[in-house]
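A short worksheet on the structure shown next.
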Amino acid sequence: MPLTYCGNLVRQDDPDRFLISLLMPRKAREGIWALYAFNTEIAKTRSVVTETTTGLIRLTWWREAIEEIYNNDTPRSHPVIEALAAVIKEHDLDKELFLKLLYAREFDLEDVPPGSVEGLKTYAQATNVPLLKLAMTILGQNDTEEVISRVATQYGVIGMIRSVLHLRAERRCMIPSDILGRYNLSPQKLYDFNQKQALPDILKEIAESLKENHNAQSSLLKAHTAVSHLYLRQLQKCSFDLYDPRLRAPLPFMALRLWWMTRFMTC
């Protein structure tokens with residue numbers, strides 16, 4: 001059976017979450033894809049606009065579309081909004097969680113690095129916790145606030161580490177400014193690759209600040225934790241050198257390893 005518009009969008013723009021979705025019950029996947037497609041659309045705002053004002057207008061469009069769904073207005077003619085409207089009504093999803101995701105994405109438009117590792121973790125939580133909670137509602141799963149927060153932090157921070165070079169191409173920096181200062185670096189020096197030899201040490205320091213043991217009960221959280229663990233191991237094997245060619249290749253047997261870890265490992 002061919003993928004829907006939302007399924008194809010998530011597979012293309014968010015392959016890790018797409019892979020995670022395939023581990024979830026078949027009956028829930030369309031709803032998960034609609035949710036993740038929405039997240040993909042708002043997450044890429046900074047990449048598709050050239051001005052802060054334009055980005056805010058784009059996020060406002062999505063915010064108004066969400067408000068209209070909850071006001072029982074006719075959904076806007078957009079495949080993601082139409083799919084999401086059905087999921088919201090079927091599962092009675094919390095509107096505030098959508099609004100929190102949209103608010104968090106406004107930070108991307110400021111082009112200001114977080115001030116500290118704790119600030120980076122706060123950003124990771126803001127952009128991942130609401131999404132996890134919405135997906136868990138669709139799946140009928142539960143877990144503690146602490147576990148959800150830890151899983152979201154690890155997933156988001158490791159994703160940031162892996163995307164440093166991609167963000168650099170957009171002249172964006174998510175490495176905390178206090179760490180940059182200790183290494184005599186600045187976002188501009190990072191963009192220009194001056195003193196780039198310090199980068200592996202910086203990324204290793206950030207990774208070591210994460211708490212490993214989550215004790216997740218939800219299969220969704222276990223899957224996110226497994227993805228984080230796989231990428232963290234890969235980064236460690238490459239000594240956090242983002243120029244190591246091994247980091248450019250897909251992880252071997254990713255789907256199989258993720259399936260096994262989600263079902264048989266304690267996260």
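Every read-out reported here was derived from the displayed coordinates using simple, explicitly stated rules and does not represent laboratory data. These numbers come from a predicted model, not from an experiment. Positions of Cβ are backbone-derived with ideal geometry, glycine not excepted, and every protein chain shown enters the neighbour counts.
Which net charge results when you count Lys and Arg as +1 and Asp and Glu as -1 among the other residues whose beta-carbon is under 10 Å from that of Thr127?
The answer is +1.
Taking a ≥ b ≥ c as the square roots of the Cα gyration tensor eigenvalues, with a/c under 1.5 meaning rounded and otherwise prolate when a/b beats b/c, else oblate, which class fits the chain?
oblate
Classify the range 103-177: rounded, prolate or oblate, from the alpha-carbon gyration tensor (a ≥ b ≥ c, eigenvalue square roots; a/c under 1.5 rounded; otherwise prolate if a/b is larger than b/c)?
prolate
If the cut-off is 23 Å between C-alpha atoms, which lysines fall inside it for Lys89, apart from same-chain ones fewer than 8 positions away?
Reachable lysines: Lys27, Lys100, Lys133.
Given only helices, namely DSSP H runs of n ≥ 4 each adding -39500 (n - 2.57), what is the per-residue ellipticity at 222 nm of the chain, to the nearest 500 deg cm²/dmol?
-21000 deg cm²/dmol
Which helices, counted as full DSSP H runs in the chain, have an axial Cα extent of no less than 30 Å and a Kyte-Doolittle average of -0.5 or above?
117-139
With the radius of gyration and the Kirkwood radius both derived from the Cα set of the range 153-224, what is their ratio Rg to Rh?
With Rg and the Kirkwood Rh in hand, the quotient comes to 1.06.
In nm, give the distance between the simple-model label positions of Asp13 and Lys89, each being 7 Å from the Cα along the Cα-to-Cβ direction.
2.4
Using only alpha-carbon positions, what ratio does the radius of gyration of the range 199-266 give when scaled by 2.2 N^0.38 Å?
Its radius of gyration relative to the 2.2 N^0.38 Å reference: 1.19.
Treat every Asp and Glu Cβ in the range 1-110 as -1 and every Lys and Arg Cβ as +1, leave all other atoms uncharged, and give the resulting dipole magnitude about the Cα centre to the nearest 20 debye.
380
Please compute the contact order of the chain in relative form: average sequence separation of alpha-carbon pairs under 8 Å and at least six residues apart, divided by the residue count, as a percent.
Relative CO of the chain lands at 18 percent.
What does the C-alpha gyration tensor say about the overall shape of the range 61-119? Classify as rounded when a/c is under 1.5, otherwise prolate if a/b is larger than b/c, or oblate.
Prolate.
Which one, Leu242, Pro113, Gly55, projects farthest toward the positive side of the charge dipole computed for the chain from Cβ point charges (K/R +1, D/E -1)?
Leu242
If packing is taken as the mean number of other Cβ atoms within 10 Å per residue, what is the order of 100-110, 149-159, 121-131, highest first?
Top to bottom by mean Cβ count within 10 Å: 149-159, 121-131, 100-110.
What's the local net charge at Leu203, with K and R +1, D and E -1, over the other residues with C-beta under 11 Å away?
Within the 11 Å Cβ shell, the charges total -2.
Evaluate the Debye formula for the range 125-267 with equal point scatterers sitting on the alpha carbons, no solvent, and hand back log10 of I(q)/I(0) at q = 0.09, 0.15, 0.18 Å⁻¹, in q order, two decimals.
Here the Debye-derived log intensity ratios amount to -0.31, -0.81, -1.07.
Could you give the size of the charge dipole of the chain about its Cα centre, using +1 on the Cβ of each K and R and -1 on the Cβ of each D and E, expressed in debye and rounded to the nearest 20?
In debye, rounded to 20, the chain gives about 980.
Using unit Cβ charges (K, R positive; D, E negative) and no other charged atoms, how large, in debye to the nearest 20, is the dipole of the range 111-267 about its Cα centre?
With only Lys, Arg, Asp and Glu charged at Cβ, the dipole is about 460 debye.
Using the Kirkwood radius built from alpha carbon pairs, what does the Stokes-Einstein equation give as D for the range 1-110 at 37 °C and 0.692 mPa s, in µm² per second?
D, rounded to a whole number, is 228 µm²/s.
So, counting K/R as plus one and D/E as minus one, what does the shell of residues with Cβ under 13 Å around Ala86 add up to?
-3
For a paramagnetic label modelled at 7 Å from the Cα of Asn184 toward its Cβ, which residues of the range 98-134 fall within the zone defined by backbone nitrogen distances under 14 Å?
Output list for this probe position: empty.
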